[in-house]
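Remarks on the structure that follows.
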Amino acid sequence: MATSEARLVRLEARVEEQTTTSTDLKSLIVALDQKIERMISALDQKVERLVLGLDQKISALDQKVERSVLALDQKTDRRFESLERRLDQRFLWMLGLQFGILVAIIAALLRR
């Protein structure tokens with residue numbers, strides 16, 4: 001019977017060890033789950049900071065492009081205004097020249 005008792009003691013020891021191992025595994029799994037949650041939270045915060053930084057950079061670039069477009073529009077408007085003034089002056093000069101030629105032709109016809 002001594003072997004049976006020894007076997008029984010060994011079996012009880014193994015059952016106790018497996019119960020302890022099972023409890024240890026459960027606590028390790030809970031700790032690992034908590035660690036994964038912390039890592040995910042940290043990554044979420046990092047991604048949020050990166051997205052916020054990109055959003056700020058995009059806003060800054062948008063404002064810069066808008067200022068550039070506005071400056072280009074103003075420059076183009078000034079050039080067209082200058083061109084329009086020059087064409088107006090030339091038109092008036094051509095109109096005056098045509099009027100002068102018309103008067104000269106009428107005068108020549110009236111002399112005859």
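Every number in this text was worked out from the coordinates using simple rules, so none of it is lab data. These figures come from a predicted structure and were not determined experimentally. Here the Cβ positions follow ideal geometry from the backbone for every residue, glycine too, while neighbour counts run over all protein chains shown.
Structural remarks
- With Cα atoms, 0 to 90° folded angle of helix 2-111 axis to the chain main axis: 0 degrees
- Dipole magnitude for the chain: computed about the Cα centre from +1 point charges on Lys and Arg Cβ and -1 point charges on Asp and Glu Cβ, it is near 1420 debye.
- Set of lysines near residue 46 by C-alpha distance (under 20 Å), chain-local residues within fewer than 8 positions excluded: 35, 57
- Reach of residue 75 by Cα under 23 Å, taken over lysines that are not fewer than 8 positions away in the same chain: 64
- Separation of the residue 61 and residue 89 label points, Cα + 7 Å toward Cβ, nm: 4.4 nm
- Between 87, 31, 98, the Cα set farthest toward the positive side of the dipole of the chain (charges on each charged residue's Cβ, about the Cα centre) is that of 98.
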